[in-house]
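Contents: one structure, followed by commentary.
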Amino acid sequence: MKIAMIGTGYVGLVSGVCFSDFGHDVVCVDKNPDKIEMLERGEVPIYEPGLEQLMATNVAAGRLSFSTDLASAVDGADAVFIAVGTPTRRGDGHADLTYVMAAAEEIARAITGYAVVVTKSTVPLGTNRQVKQAISKANPDADFDVASNPEFLREGAAIDDFMRPDRVVVGVQNDRAADVMQEIYRPLYLREFPIMITDLESAEMIKYAANAFLATKITFINEIAALCERTGADVKMVSKGMGLDGRIGNKFLHAGPGYGGSCFPKDTKALARIGQEHGLPMQITETVIKVNDELRRRMIEKVMDLLDGAAAGKTIAVLGVTFKPNTDDMREAPSLTIVPALIGAGAKVRVVDPQGQHEGKDLLPGVHWFEDAYKAAQNADALVILTEWNEFRALDLKRLAKRMTSPALADLRNIYSPRDARRAGFTRYVSVGRADHFNDG
Ligand SMILES: NC(=O)c1ccc[n+]([C@@H]2O[C@H](COP(=O)([O-])OP(=O)(O)OC[C@H]3O[C@@H](n4cnc5c(N)ncnc54)[C@H](O)[C@@H]3O)[C@@H](O)[C@H]2O)c1
């Protein structure tokens, strides 16, 4: 199959590379010429484990190329995927469809033979029908169908998620489009990964419902964590005990500083908006958004408490600023509210992150970037763990505590136990969802 992938961000690039690895001919298009130049040089503009290698293999095999020229990529393609951003629209929380609709119009002008125009971007109910209308209006002769194919990959594990998905969801209006989509995903079908064919609206809804559900699960355990702190329960034990119940499962039950990232915040807001537009407020999702926002404030209070409420002039070393490990993505990361609040309170903030500096240098003005945790901890007053990168999971706490002016630890990912912290020489400690915080003065 000949595929054009429009948008080479986290989703488009991974999808394009993986489709070429399936054996399809793929052209990845982006309107950002810097990205395309980098890709043509064999460099990957984002950090995603394994992507550079897989990309190089498929470029070398002649199945994968990059271009800014959408028209030539679409010319003769069996399927054209739209994988552009759908950020939150300013003001009303709705998904901003500007990029999707702009891409649809460009595609309309470039379609030559029959093609399926597939929306991979996360889009509200009815968008695929809108795309269809827009293409037909811009090019009444275009021979095409639309399909909705929401993506479920997780940044940091994107290739494995794409190659070994829990399921592939494809919304179509007829068999012709379904056949093309099944041919594209045939390598997965042969390996018995479920491919679910639905109508357009159900496919669009599955994506929002799945993300809102996962955001709800995280937020639920975060709220339980707050109650654990008040009551003496340990949220790690609680989530383990809950997760062992097969009806609940242990995933997305880790208490922390609240969900962030490129999807959950915007997709929960968009779902809430869709509900309001249909006169059916999504009350659970609206509450989840509110509770998650409040949680961010509680995290700031936690760190401030560790400093006895006075951050002015204190030096704080923050470990991890990306929204989760194994990505360079900073969109809606908890660090973007917590770090500025600490700086606003007069603290000097040092940051260590294996991949966050490139994106983070503009997003976190005023911080000092350090290469490793031990250097950042030198003469610091507090250490705050915000993202659980592997290299922060086995820190030599004793070595860290020794070099700090006042050894205080805020472990907002619950990596270390209060016992570990005390034994290592920390005199102050907070985590999430455990009552045994200490402040030995
Ligand atoms: N990031 C994730 O983990 C993830 C997971 C599942 C679904 N999604 C969804 O996938 C979509 C894309 O997300 P992303 O994180 O990859 O976005 P992104 O911002 O990383 O990438 C979007 C790319 O599209 C390009 N673009 C925009 N308009 C274009 C046009 N007309 N022609 C060519 N290129 C164009 C941009 O330059 C950019 O490179 C969103 O709807 C998102 O909700 C994202």
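The values are calculated or read from the model by the stated rules, or taken from the named source; none is laboratory data. Predicted model, so just to flag it, every value in this text is computed and none were measured. A quick note on method: Cβ atoms are made from the backbone with ideal geometry, for glycine too, and the neighbour counts reach across all protein chains shown.
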Cβ-Cβ under 8 Å, sequence separation 6+ or interchain: first residue in segment 45-66 and closer than 11 Å to Val26 by Cβ, partner more than 16 Å from the ligand (Cβ to nearest atom) and of a type in the set (A, V, I, L, M). Which pairs?
Met55/Leu64; Asn58/Leu64; Ser65/Val59
Mind checking whether some residue in segment 183-195 is more than 24 Å from the chain's Cα centre (by Cα) and among the hydrophobic types (A, V, I, L, M, F, W, C)?
yes
Gly76 is checked against (1) more than 10 Å from the ligand (Cβ to nearest atom); (2) under 21 Å from the mean Cα position of the chain (by Cα); (3) not in a helix (DSSP H, G or I) and fails just one. What number does that condition carry?
(2)
Here's a check for you: in segment 79-96, which residue that is in a loop (DSSP other than H, G, I, E, B) and crowded, with 20+ Cβ neighbours inside 10 Å is farthest from the ligand (Cβ to nearest atom)?
Ala83
So which helices (runs of 4 or more DSSP H) stay within segment 196-314 end to end and still have 1 or more residues that are in contact with a Lys or Arg (Cβ under 6 Å, 6 or more places away or on another chain), crowded, with 21+ Cβ neighbours inside 10 Å and assigned by TED's automatic domain parsing to the domain that holds Ala347?
283-306
Do we find a residue being more than 12 Å from the ligand (Cβ to nearest atom), surrounded by 16 or more Cβ atoms within 10 Å (Cβ to Cβ) and not in a loop (DSSP other than H, G, I, E, B) anywhere in segment 42-51?
yes
Of all residues being assigned to a helix (DSSP H, G or I) and near the ligand (Cβ under 10 Å from one of its atoms) in segment 135-161, which is surrounded by the fewest Cβ atoms within 10 Å (Cβ to Cβ)? Just the residue, please.
Asp161
Find the residue count for segment 6-24, including only residues that are within 15 Å of Pro150 (Cβ to Cβ) and either without any contact (Cβ under 8 Å) to a residue 60 or more places away in the chain or more than 7 Å from the ligand (Cβ to nearest atom) (or both).
2
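Give me the residue from segment 25-36 that is outside any loop (DSSP other than H, G, I, E, B) and touching a helix residue (DSSP H, G or I) at 6+ places or on another chain (Cβ under 7 Å) and, out of that set, farthest from the ligand (Cβ to nearest atom).
Our first condition is that a residue be outside any loop (DSSP other than H, G, I, E, B); within segment 25-36, this holds for 25-29, 33-36.
After this cut, where a residue has to be touching a helix residue (DSSP H, G or I) at 6+ places or on another chain (Cβ under 7 Å) as well, the list is 26-29.
Values: Val26: 14, Val27: 11, Cys28: 9, Val29: 5 Å.
Across segment 25-36, the extreme among qualifying residues is Val26.
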With a cut-off of at least 2 residues that are touching a residue at least 24 places away in the same chain (Cβ under 8 Å) and within 26 Å of the chain's Cα centre (by Cα), name the helices (runs of 4 or more DSSP H) lying wholly within segment 325-435.
335-344, 357-363
Here the residues within segment 97-134 that are surrounded by fewer than 21 Cβ atoms within 10 Å (Cβ to Cβ), outside any loop (DSSP other than H, G, I, E, B) and polar (S, T, N, Q) are Thr98, Gln130, Gln133
